[in-house]
Amino acid sequence: MEAARIYQRIKDRFGEHVLEISDHQPDPFIVIDPASIEEVGSFMRSDPELALDCLSNESGVDYKDRIEVVYHLFSYSKRHGAVLKVKLPRENPTVATLENIWKSANWMEREIFDLLGVIFEGHSDLRRILMPEDWPGFPLRKDFVEPTEYHGISTVRESPIIRLDPKKK
Amino acid sequence: MQELINNIVAAGTFGKMPETLVAAIVIIVLSAVVFLGIAFPFAGIVSWVERRVWARIQSRVGPNRVGPNGFLQWLADGVKHVCKEDVIPTDSDHQLFKIAPYLVVLAFVLPWAVMPFSSSLILADMNVGILYMTSVTAITVVGVLMAGWASNDKWSLIGGIRSAAQIVSYEIPAGLSIFPVVLMTGTLSMQGIIRAQGWAPQHWFLFANPFTFVAANILYVSALAEGNRTPFDLPEAESELVAGFATEYSGMRYLFFFMAEWGNLFIIGAIITTLFLGGWQFPQVSNNAVVMNILQLITFNVKVLFLVFVSMWIRGTLPRVRIDQLMSLCWKYFVPISFVNMIGTAIWVAIWPEGNSVAGYIMFALGIVLAVIFIQRVMYYLRRSRMELYFRPTI
Amino acid sequence: MSTLRTEEMTLNMGPQHPSTHGVLRFIVRADGEVMREAIPDVGYLHRSIEKIAEKVGYHGFMPYTDRVDYVCAMFTNQGWGMASEKLANIQVPKRGEYCRAIATEFNRLASHLLSVGTMGMDIGAMTPFTHAIREREMINDLIEELCGARLTFNYMRIGGVAWDLPPGWREKALAYLDHFEPILDEYNALISYNKIYIERLANVGIISADEAVNYNLVGPNLRGSGIKWDIRKDLPYSVYSEFDFDVPVGKGEWGKLGDAMDRYMVRIRELKESVKILRQALKQIPAGPVLAKVPRNFKPPAGECQIRVESARGDMGWYAVSDGTGYPWRVHVRTGSFAAMGIIQKLSQGLMIADLVTLIASLDVIAPEIDR
Amino acid sequence: MGAVAEYFDNIKNTVTTIFEGMAVTASHFMRKPYTVQYPDRIPVRVQDTLPYRYRGILNVDLEICTGCLACERACPIDCIVIACEKDQKTKILTISQFDIDIIKCMYCGLCSEPCPTGAIHHTSEFEGADFSTESMIRRFVTDPIDAYKPKKGPETDERIAPILNRGMRYVNEFAQGGEAWNGGVVDDGAAAPGADDEEEAAAKQ
C-alpha cells in the first residue's frame, strides 16, 4: 500500500487527531496529536490492511522551537512503510510510550530520553542508556553546551597548534 | 633405592648420622633433582611445544625469539613470573590462597614416584601403583577448589566448583576404564601391567579386544577432563570465567597452576602408555641391561610424548563443552559404556583366559585402516587448500 | 527440617571481559550456573557520532561513519552516501554502484568471518578464530589495495566511490574467491559440523519469528528465525536487483527454529551467497565513471529521508534531516546491534552462564555499533 | 528416532565429526604459517610492501603547494593549519605556516583529494610513535616560502619537475582511479568532488 493511502486510512479513522499529512519527498509523513499516539499506534499494528508489525526506527529531532519524535514503521507482510511524527513542546516534552505495542521501542525510547530529554510516560525502564547516569543536560538538543569537565576529567583538549594567522577563527 | 641408601650409609659419607635421617636426606635431594631437573623443565618445555604446535594448527608462527626457534621461551616466562609481584587480594583468605597452588603442584609431583620409565628405572614399584597414580592426581581438586574459594571472587568460585564437579565425576569412568586391564593382568603394579604386554602393537592391551580399545579412549578423554584440558577446560574457561580459579593469582603462584597443568599431560600420557600401549616394552636387541634400559626409556617417552602431542592437537581442534553437557557426557555415556567394557572384558577373559592373539591382529589391522582413512582425509584437505595465496609478493 | 539458605549471585560481566565483543557490561543475576537474568549496560563506547554529524558537514562526516561500525565500515559509508544522495537526488554512476557492491560484499565476507570466528572462540575453540581471521586478513589486503585502509575505509563518497578498482585487482579478487570456497568447506568440517559445537549452539536463545519482528531484529538474526527477508532482495537498492542470489534462512535443522545455531548457519551460508554475488559483480562491472559530479560545498535541499542498507549485521537505517545548509540538521543511525541488545535481557532468562557468551556471539553484537 | 538410536547416533556423530576436525587441523601441520614476524623477518621494509593507495602519515611537498587551503577546508577534524599572506604589490602568496597535528589526524584522505598538485599526500609510513604530543605536530614551514604557481605548459624548473610529476601521479590515481582494466572509459568530469570550486578558491586567494 502506498504511503498516501495508509495516511488516508488513518485520517479516516482518527480524523481530528491527525494534524497534518505531508507529501514531502522522498518520505511522506503524517503528524498526529501526541495525546493519541498510543491509540494510533495500536491501530496501525493491529489493522489487517496496515499490519505495520515492526517499529523499524524511532528517533527524535530538535527543531529549536519544538521537538519531534519520528517513528518509522514497517510491515514485513505487506512490504510497505509509514512515517509517523509527533510534535512536542521543547519545555517538558512528554509523550506516551509505544513499548507495549512494539517491543523494540523500549531501547529506542530510552535513547531518545537520554539524548533529547523526551519523557515517555508509562515506559518500564526509563533510564539513561548511552550517557552516564549523572550527565547534565541532553546532548542532542541544539542549545546543549558541553561541560568543560566531568568529575574532574577535562573534556577538552587544547589544540597544540598555535595559529599564526590571526584573521581566521 | 634401599640399596643406594645402604651403600651411602656404609660409605660413611654422613658420619654417624642415624640411618633414617640419611635416608630422608637422600630422598629429599633425589626428589629435588628429579622434580627440579626433570618434571618442571618438562612442564616448561611442554608449554613451549604446545604454543608452537598450536600456532602451526592456527597458521601462525608461535614463540620463536628466545633461543633457537624460541626454545628458551619457557625459561623467559618462568623468570618473568618469578620476578612478578605476588598479588594477594585483601579480602581473600590469605592462608588458603597461598597454600592452594602448592597442593596442585603436589598432585602433579606425587605420581612420578611410580612412573615406569624402563624395566629398572622406577622409584617405587608399588603393588597398587595404578591405583596410587589415579588417587594422588585427584588431589588437584582440593587445590583448585581451595584456590577458587579463597580468592573471594565469584568467577574463581564458579571455576573452583566446576572443577570439583568435573574431577570427581570423571574419576568414575577413569577408574572403571582401568578395570579391564586389571582384569586381564590380575595386577595393579605398573611394571606388572607393562610386563603383561609385548613390544609389538598387536600385543598391546589397546588392541587386545574391542572393549579395551574403547576403554583406552574413555580413559584418555576422562584423563583430559581431570587435567582440565580442552575440551573440558571449564574451570578456567577463558571466554566465560575470565581465568576461572586462577583469576586472582599472579606471579609464581599462577605459574604453579599452569606448570601442574602442563606437567599433568605427561602423567596422562604415562597412564595410557602403561595400561594400553605396552609401556617401555622394546624387543630384546641387546643383553646389556644399560642399553636395554636406555632403549626402553626412549620407547616409553616417545609413546608418552605422542599422547601429549595428541592432547595439544585436540586442544587446537575442539570447542569447549558446557557444564551440563560435561555431566551428561560423563554419566550418560562414559559410565555406562565403561561398565559394558568391564563386563565385556570379564566375559572375554572368561572365554580366553590367555588372551586371543587373532583378535590382537584383527584389531591392529583395523587400527591401521583407521589411520589410512585419516591420512586420506588429511591429504584431501591439503589438496583443496591453496595456502600459497599471498597478496603481498614479498611476504 | 530447616531449609538451607540460598541467595542469588550477582555477577558483573564486563566491561573488561574476554568475550563481550568490545566494551559491554552485563549485570548477571545467577543461581549457580543458571542465570535468572542478564541486564545489559551499554554506552561505554558512545562517541556521539550523531552529534558530530551536525558539526562537520556532509562530506566531512563520511570518515566518521567508518567508526559507527568499524567491522563493516563499507556499509556505514554506503548508508551515509545513500542518505545524502537521496536528500539531494543524486544519481550514482553505474560503475560506482558496482564498485560499492563489490566493496560492501567483500566487507560482508570480512564481517561474517569475524562473527563466525569469534563464535568459535567464545565456545572455546581458538583455531577457527585464527583461521577466520587469516581469511579476513586477505580480504583486508584486497580492500587496502582498493582504498588504502584496512579498517576505517572511507572508500565511498557522496555520489559514488572515491577510487576506481586498481589495475589487476579484479584478477586478485577472483583468485581469492577461488581460494575462499574450499576454505569455507574446510572451516565447516573443522567446527560448524562438530558435534560439541552443535550441542553448544542448538536450542540456545530461541527467538520466534514474531518476537524477532517485534524486537526489530534485523539481518541474519531475523533470518535465523525463519523470516526470508533481505533488503538487498526485497527492497533492492544499488545494483542488487541485477544479481542472482539466495537468501538463506534458518531451518531449525539442529534444534528449535531460531536458536543460536540457526543464526550461525545463516551467516555461514551468507558467505557463500556473497561469493556468488561477488563473482557476478566482478564479471558484469560496466565501464564508466565511478563518481557523480557533486559540489564540494554540498547543500542538499531542506527535507528528510530514511534509507535502509542491508549491512552485515542487518538492516541499517539512516535517518537524515537537512535544513538546506551545508551541515546536516540531524542524523540518526539505527543499527542492528542496538536492536539485538534489547532482546538479550529477555532471552537470557534461564540460560546458563556459558550460554550468555554464546547468545551474545550468535546475535553478533558489536559494541561501537550499539553505542555509536 | 528412538531413544536408543539417538544415543548411538550421538556417539557416531561425535566421533566422526571430531575425526574430520582433527584431519583438518592435521593438514595444517603441513602448511606454511600465514603470519609473518614484524618487522625484521621479511626481506624488505613493511612500508615498501604497502599498496600505492595506502593512507599513512601525511606529508607535504611545499615546493608544489599552491596555498589554496583546499585541504584545510576539507579536513573534517581541523588538524591542518595553514597561514598564507598575499603581498598586495607583488601578488605573491607566501605560506608562513603549514602544521599538521598527526595525533588528531584520522587518515581519512579527504585532504589529499582536492589538492590540485598532490602536494599534500599520504606516505606509506605508519610508525609514528613518539614521546611527547608536541613532537607529533608536523611543522612543514620553517621559513616563509612562496607558494607554487601552476604553469600552463610542463614544468621547466629541474628541481620542481620530479616532485610535481610525483604529485600529479598521486592526483591522477585518486581523481580517476587506476587505468581502467576492462576498457573502461574514465570520465574526466568525475574528478574529485567540485574540483572547479577549489580552483576558484585558489584564484580568490
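Throughout, read-outs are computed from the coordinates displayed, never taken from laboratory work. Nothing here was measured: the structure is a model prediction, and the numbers come from that model. No Cβ is skipped: glycine too gets one built from the backbone with ideal geometry, and neighbour counts run over all protein chains shown.
Of all the options C:TYR264, C:TYR193, C:TYR58, the one that moves most in a Gaussian network model of chain C with Cα springs shorter than 10 angstrom is C:TYR193. Shape of the protein assembly as shown from its Cα gyration tensor (a ≥ b ≥ c, root eigenvalues): rounded if a/c is under 1.5, otherwise prolate when a/b > b/c, or oblate? The shape class here is prolate. Averaging the sequence gap over all C-alpha pairs within less than 8 Å and six or more residues apart, then dividing by the number of residues, gives chain C a relative contact order of 27 percent. Here, chain C has an Rg and a Dmax of 21.0, 85 Å when only alpha carbons are counted.
Looking at the square roots a ≥ b ≥ c of the eigenvalues of the Cα gyration tensor of chain B, which shape do they give, rounded for a/c under 1.5, prolate if a/b is larger than b/c, or oblate? Note, shape of chain B comes out rounded. Using a cutoff of 8 angstrom between alpha carbon atoms and counting only pairs six or more residues apart, the relative contact order for segment A:3-154 works out to 17 percent. Counting, for every residue in C:181-191, the Cβ atoms of other protein chains within 10 Å of its Cβ and taking the mean gives 5.
DSSP finds beta bridges in the protein assembly as shown, and of those with both partners inside it, around 90 percent are antiparallel. Residues whose amide H lies under 5 Å from that of A:THR97, counting only those 5 or more places away or on a different chain, are A:GLU121, A:HIS123; hydrogens are built 1.01 Å from N in the peptide plane. Whole-Hz Karplus values for segment B:360-367 come out as x, 5, 4, 4, 5, 4, 4, x Hz, taken residue by residue from phi with 6.51 cos²θ - 1.76 cosθ + 1.60 and θ = phi - 60°; glycine and proline positions read x. Relative to the dominant Cα principal axis of chain A, helix A:3-13 is inclined by about 70°.
Just tell me which lysines come within less than 24 Å, Cα to Cα, of D:LYS149; anything on the same chain fewer than 8 places away is out. Result set, ordered by chain and number: A:LYS167, A:LYS168, D:LYS86, D:LYS89, D:LYS91, D:LYS204. Summarising the label geometry, the points placed 7 Å from Cα in the beta-carbon direction at B:LEU36 and C:GLN91 lie 8.5 nm from one another.
Residues B:LEU370, A:LEU116, B:LEU219 in ascending order of nearby Cβ atoms (within 10 Å, fewest first): B:LEU370, A:LEU116, B:LEU219. Between C:LYS86, C:LYS272, C:LYS172, the GNM of chain C built on Cα springs shorter than 10 angstrom shows C:LYS172 fluctuating the most. Enter the Cα centre distance for the pair segment B:78-113 and segment C:8-58, rounded to the nearest angstrom. That distance is 34 Å. In summary, the lysines within cross-link reach of C:LYS276, defined as a Cα separation below 17 angstrom excluding same-chain residues under 8 places away, comprise C:LYS172, C:LYS233.
If you take the Cα centroid of segment A:1-45 and the Cα centroid of segment D:75-131, the two points sit 51 Å apart. Between B:SER156, B:SER286, B:SER177, the residue with the greatest mean-square fluctuation in the GNM of chain B (Cα pairs under 10 Å linked by springs) is B:SER286. Looking only at segment C:158-198, which residues have a backbone nitrogen under 15 Å from a spot 7 Å from the Cα of D:ASP9 in the C-beta direction? What the label zone holds, given the 15 Å backbone N cut-off, is C:195. Fewest-first ordering of B:TRP352, B:TRP262 by other beta carbons within 10 Å of each residue's beta carbon gives B:TRP352, B:TRP262. Remark on C:ALA202: its backbone amide H falls under 5 Å from those of C:MET261, a criterion applied only to residues 5 or more positions apart or on other chains, H modelled at 1.01 Å from N. Straight-line cross-link reach from A:LYS11 at under 29 Å between alpha-carbon atoms covers these lysines, not counting any fewer than eight positions away in the same chain: A:LYS64, A:LYS78, A:LYS85, A:LYS87, A:LYS103, C:LYS86. Between C:GLN16 and B:ASN64, the FRET efficiency estimated from the beta carbon spacing at R0 = 30 angstrom works out to 0.50.
The distance from the alpha carbon centre of segment C:119-170 to that of segment C:273-316 is 18 Å, rounded to a whole number. Sites listed here are GluC sites (Glu not before Pro) in segment A:56-95 whose DSSP assignment is loop and whose Cβ has at most 15 other Cβ atoms within 10 Å: A:GLU91. When each of C:MET74, C:MET265, A:MET108 is scored by the number of other beta-carbon atoms lying within 10 Å, the sequence from fewest to most is C:MET265, A:MET108, C:MET74.
In this simple spin-label model, placing a label point 7 Å from the Cα along the Cα-to-Cβ direction at both D:ASN59 and B:ASP91 gives a separation of 5.6 nm. Modelled label positions at D:ASP146 and C:GLU7, each set 7 Å beyond Cα in the direction of Cβ, lie 8.3 nm from each other. Which of rounded, prolate, oblate describes chain A, given a ≥ b ≥ c as roots of the alpha-carbon gyration tensor eigenvalues and a/c under 1.5 marking rounded, otherwise prolate only if a/b is larger than b/c? Cα axes put chain A in the prolate bin.
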